[in-house]
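The values are calculated or read from the model by the stated rules, or taken from the named source; none is laboratory data. Being a predicted model, the structure only gives us computed values, none of them experimental. Please note: Cβ atoms are built from the backbone with ideal geometry, for glycine as well, and neighbour counts cover all protein chains shown. What goes into the accessible areas is simple: the full protein's heavy atoms, side chains included, and nothing from ligands, DNA or RNA. Shrake-Rupley method; radii C 1.70, N 1.55, O 1.52, S 1.80 Å.
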Amino acid sequence: MKKRMKHALLTASVVIASSIPLTLAAPTPAAAQTLSPAPACVSLYESWRYVNASNDCADTVSVATVYQDGATGLCYTLPSGAFSTVGEGYLGLHGHADHLALCQP
């Protein structure tokens, strides 16, 4: 009797788990987003410790660092004329930065 009950509970849990949509089970990785490259008036500066960006555009921009391994960093908003750290350097988890991309804050 106990074996039948365990089997029934296991079967019910498998059915319930398989009916959960994958979009609820796992978030979409940031790297899967399609981001447009930042304009030429936004410059990237990379060191072993940090990725920095300067905004020489007339308007405020929001950018994220896109690394060579395809990972995307957090989104940072830079006012016109700003210089700020926007990611970890090439000794971090993702290695060298590839480019900056526009993002939604």
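State whether the residues of segment 61-68 include one that is open to solvent by 60 Å² or more (accessible area, probe 1.4 Å), in contact with an Asp or Glu (Cβ under 7 Å, 6 or more places away or on another chain) and not β-branched (Val, Ile, Thr). The answer is yes; a qualifying residue exists.
Is it the case, given these coordinates, that residue 65 is out of contact with any Phe, Trp or Tyr (no Cβ under 7 Å at 6 or more places or on another chain), at pLDDT 95 or above and polar (S, T, N, Q)? Yes: the conditions hold for residue 65.
Filtered by the rule that a residue be open to solvent by 20 Å² or more (accessible area, probe 1.4 Å) and either assigned to a strand (DSSP E or B) or acidic (Asp, Glu) (or both), segment 44-60 gives 44, 45, 46, 50, 52, 56, 59. Residue pairs whose Cβ atoms lie under 9 Å apart, separated by 6 or more positions or on different chains, with the first residue in segment 50-72 and in contact (Cβ under 8 Å) with a residue 60 or more places away in the chain and the second open to solvent by less than 30 Å² (accessible area, probe 1.4 Å) and small (Gly, Ala, Ser), do not occur. Scanning segment 71-105 for residues that are open to solvent by less than 30 Å² (accessible area, probe 1.4 Å), assigned to a loop (DSSP other than H, G, I, E, B) and under 17 Å from residue 36 (Cα atoms) gives 71, 103.
Determine, yes or no, whether residue 35 is open to solvent by 60 Å² or more (accessible area, probe 1.4 Å) and either closer than 22 Å to residue 104 by Cβ or at pLDDT below 95 (or both).
Values: open to solvent by 60 Å² or more (accessible area, probe 1.4 Å): no; either closer than 22 Å to residue 104 by Cβ or at pLDDT below 95 (or both): yes.
So residue 35 fails the test.
Do we have any residue at all in segment 12-28 that's of a type in the set (A, V, I, L, M, F, W, C), open to solvent by less than 80 Å² (accessible area, probe 1.4 Å), at pLDDT 55 or above and in a loop (DSSP other than H, G, I, E, B)? No, the conditions are met nowhere in segment 12-28.
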